[in-house]
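Shown next, in structure tokens, is the structure this report addresses.
None of the figures in this text is laboratory data; all of them are computed from the coordinates on show. Small disclaimer: the values here were computed from a predicted structure and weren't measured. All Cβ positions, glycine included, derive from the backbone under ideal geometry; neighbour counts span all protein chains shown.
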Amino acid sequence: MNVAFLTTECFPYVKTGGLADVSGSLPKALQKLGCDMKVFLPLYDTIKTIDNGLYVNEEFKDIPVQVGDNTFTFNFWEGTLPDSDVTVYFIDCPHYFHRGKPYTDDKDEDERFIFFQIACLETMQRLKWSPAIINCNDWQTGLIPSYIKFNYNWDELFKNTRTILSIHNIGYQGRFAPSTLQKAGLNYDNFYPEGPYELDSAFSFLKAGIWFADLLTTVSPNYAKEIQTEEYGAGLEGVLQMRSKDLYGILNGIDVDIWNPEKDIYIPYNYSADKVDAKYKIKKHLIKEAGFKYDENIPVIGLITRLTGQKGLDLIMPVFHELMQLPIYMMVLGSGEKKYEEFIERAADAYTDKFIEYVGYNNELSHLITAAADMFLMPSLYEPCGLNQMYSLRYGTVPIVRKTGGLADTVHDYHEHNNEGNGFSFEDAQPYVLLETVKRALHVYQDKKEWKKIMLRGMKADFSWDKSAKEYYDIYENLVK
């Protein structure tokens, strides 16, 4: 079964969020199940072609693509996803993709991803490669179902192609002026109030994909339910309810080769569920590096996140002083909105003996904090899937989360599950509820025997891509049949 996987991020080439991790892992797992996977990705100027072993396809050069009244050309490069046989095609158009970052606020953001989508289909045509499935990801590839249904329906290559749109975050919808329809080469007949393309008087790439894709997936079972409600649907709950029977929630997996405490290259000591004592040596190491006084009875709470409102920072800030009165150490790693960056910097200045921060991205430090911490705080207002809670569970670091999206699917509250849970969670998005949940966790932490049971339940769970990939494979197979 030929499967094209269209994405705008893919680890290790380019990453801004969880989509990159999915794109770098899921195709490899599906290839092992028998799919012929081909990943399509823009060739941003941040991607190092030589370092990644990429080479340009010499047979097809300067392929034209019309966007509105303008025509630009592209070449495509080829490579192989590390540790796999998955081919990756990189769409090379410096005019659109040499911007220093994947996403911009430039006035031609619509054109950039119109070009990418058409270029992907043109590449398949040049290769004479007929996909049984095109798996689109988020709004940047949301027009593909329309193109297959209307613009490329003349081509026998796509006669039996089925499209799937995977929604990673409903909040990003690709809204543009109605004039973008002309740039995209799509018919205005489908643009009318509450119609396939219209959302609040704008043309939405994501709504177009939701309307015309053969099937829809999202990144956790609970998020699939949430986005059909007014609270979480971001204005698209109506069309999602209409397509409810075609919407599947499949929990993301994690790369268990990279996130594995038994062989993690970024931590000073490796450990497992059978030999967990080395975890405490890492904690001691990190506490000393931070300049804190080590006390085995004081837990370390880790927080690794994008510093945005979505991640629940506004729940922490009002009760932060109260949190700092508790017997805890806190370590924060992340970057994002200026007001949150300034907040954690001020916090580090005010509580030098128990709070430390690192503003920015640091892969090694993220592994180190995940391994060293006793608890991992993730109070997201919404979280389609979340990966950090799965990393922390695998490392024996007990998560404290808000019960939403994938967090609700993966973290089961200790008290709510009759002392058999793997973490602590709360539902109400209120600062004092977060504070009380941390206090609950601290109380259980004092019982080291019970705490170890919670740790081991998390460490023994299977969050690999194997199970999730099988669910995708079954959906592909049923759709083709």
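Less than 18 Å from a label point 7 Å out along the Cα-to-Cβ axis of Tyr432: which backbone N atoms in the stretch 303-323 qualify, by residue?
Only 314-323 fall inside the zone, counting backbone N under 18 Å.
Cα centroids of the stretch 26-75 and the stretch 285-355: how far apart, whole angstrom?
Here the answer is 41 Å between Cα centres.
With 5 Å bins from zero, work out the P(r) of the stretch 414-481 over every alpha carbon pair and list the percent per bin.
Cα pair-distance distribution for the stretch 414-481, in percent: 3, 14, 16, 16, 12, 11, 9, 9, 6, 3, 1, 0.
Once label points are set 7 Å from the Cα along Cα→Cβ at both Thr80 and Glu345, what is their separation, rounded to one decimal in nm?
4.6
Given H placed 1.01 Å from N in the peptide plane, which residues other than close sequence neighbours of Arg99 have an amide H under 5 Å from its amide H?
Asp45
How compact and how long is the stretch 36-129, expressed as Rg and Dmax of its alpha-carbon atoms in Å?
Spelled out, the Cα radius of gyration and Dmax of the stretch 36-129 are 13.1, 42 Å.
Net charge within 11 Å of Pro384 by Cβ-Cβ distance, Lys/Arg positive one each and Asp/Glu negative one each, not counting Pro384 itself?
So the environment of Pro384 carries a net charge of -4.
What's the exposure ranking of Cys35, Cys10, going from fewest to most Cβ atoms within 10 Å?
If I rank by nearby Cβ atoms, fewest first, I get Cys35, Cys10.
What residues qualify as long-range amide H neighbours of Val67, i.e. H under 5 Å apart, gap of 5 or more or another chain, H built at 1.01 Å from N?
When sequence neighbours closer than 5 places are left aside, the close amide H contacts are Phe72.
How about the stretch 43-111: which GluC sites (Glu not before Pro) there lie in a loop by DSSP and see at most 14 other Cβ atoms within 10 Å?
For GluC sites (Glu not before Pro) across the stretch 43-111 that sit outside H, G, I, E and B with at most 14 neighbouring Cβ atoms in 10 Å, the list reads Glu58, Glu59.
Can you give the calculated 222 nm mean residue ellipticity of the chain, where each DSSP H run of n ≥ 4 adds -39,500 (n - 2.57) and the sum is split over every residue, rounded to the nearest 500 deg cm²/dmol?
-10000 deg cm²/dmol
Under a straight-distance cross-link criterion of Cα-Cα below 20 Å, which aspartates and glutamates are reachable from Lys61, leaving out those fewer than 8 residues away in the same chain?
Of all the aspartates and glutamates, those that pass the test against Lys61 - Cα under 20 Å, at least 8 places apart if same chain - are Asp45, Glu78, Asp92, Glu122.
Using the Cα gyration tensor of the stretch 214-353, with a ≥ b ≥ c the square roots of its eigenvalues, what is the shape: rounded (a/c below 1.5), prolate (a/b larger than b/c) or oblate (neither)? Please list the in-between numbers first.
On the way: a/c = 3.02, a/b = 1.53, b/c = 1.98.
Oblate is the answer for the stretch 214-353, as a/c is 1.5 or above yet b/c matches or exceeds a/b.
In nanometres, what is the gap between the two model label sites at Ser244 and Leu33, each 7 Å from Cα along Cα-to-Cβ?
The modelled label-to-label distance comes out at 2.6 nm.
List, in order, the whole-Hz ³J(HN,Hα) value for each residue of the stretch 198-210 obtained from phi through the Karplus relation with A = 6.51, B = -1.76, C = 1.60 and θ = phi - 60°; use x for Gly and Pro.
3J(HN,Hα) across the stretch 198-210, in whole Hz: 8, 9, 6, 6, 9, 8, 10, 4, 5, 4, 4, x, 4.
When the Karplus curve 6.51 cos²θ - 1.76 cosθ + 1.60 is applied with θ = phi - 60°, which whole-Hz ³J(HN,Hα) does each residue of the stretch 222-232 get, with x for Gly and Pro?
For the stretch 222-232, the Karplus curve yields 5, 5, 4, 6, 4, 6, 8, 10, 4, 5, 10 Hz.
Could you work out Rg/(2.2 N^0.38 Å) for the chain, with Rg from alpha carbons only?
1.01
Just to confirm the number: angle between the C-alpha axis of helix 431-445 and the first principal axis of the chain, 0 to 90 degrees, nearest 10?
60
If you line up the Cα atoms of the stretch 277-462 on their principal axes, what length do they span on each, largest first, in Å?
Here the Cα extents, ordered largest to smallest, are 39, 34, 30 Å.
Considering only DSSP beta bridges where both residues belong to the chain, give the percentage that are antiparallel (nearest 5).
Details: 18 of 66 bridges.
Antiparallel bridges: around 25 percent, rounded to the nearest 5.
Let me spell out the model: positive unit charges on the Cβ of Lys and Arg, negative unit charges on the Cβ of Asp and Glu, origin at the Cα centre of the chain. What dipole size does that give, in debye rounded to 20?
1000
Kindly flag which residue pairs out of Lys32/Lys288; Lys149/Lys470; Lys38/Lys283; Lys28/Lys439; Lys283/Lys470; Lys101/Lys279 have an alpha-carbon separation exceeding 32 Å in this structure.
Lys32/Lys288; Lys38/Lys283; Lys28/Lys439; Lys283/Lys470; Lys101/Lys279
Okay, which of the stretch 326-349 sit inside 11 Å, backbone N to the point 7 Å along the Cα-Cβ direction of Asn362?
Under cut-off, by backbone N: 332-334.
Residue-wise, which Karplus ³J(HN,Hα) couplings in Hz belong to the stretch 96-110, taking 6.51 cos²θ - 1.76 cosθ + 1.60, θ = phi - 60°, and x for glycine or proline?
Result, rounded to whole Hz: 9, 10, 9, 10, x, 7, x, 10, 9, 9, 5, 5, 9, 4, 5.
Measuring from label point to label point, each 7 Å out along Cα→Cβ, what is the Asp447 to Asp466 span in nm?
3.3
Past 32 Å, Cα to Cα, is the threshold; run Lys183/Lys338; Lys15/Lys452; Lys15/Lys225; Lys159/Lys467; Lys15/Lys263 against it and keep the listed order.
Exceeds cut-off: Lys183/Lys338; Lys15/Lys452.
What's the FRET efficiency of Asp295 with Asp257 using the Cβ-Cβ distance as r and R₀ = 45 Å, to the nearest 0.05?
Efficiency for this residue pair is about 0.85.
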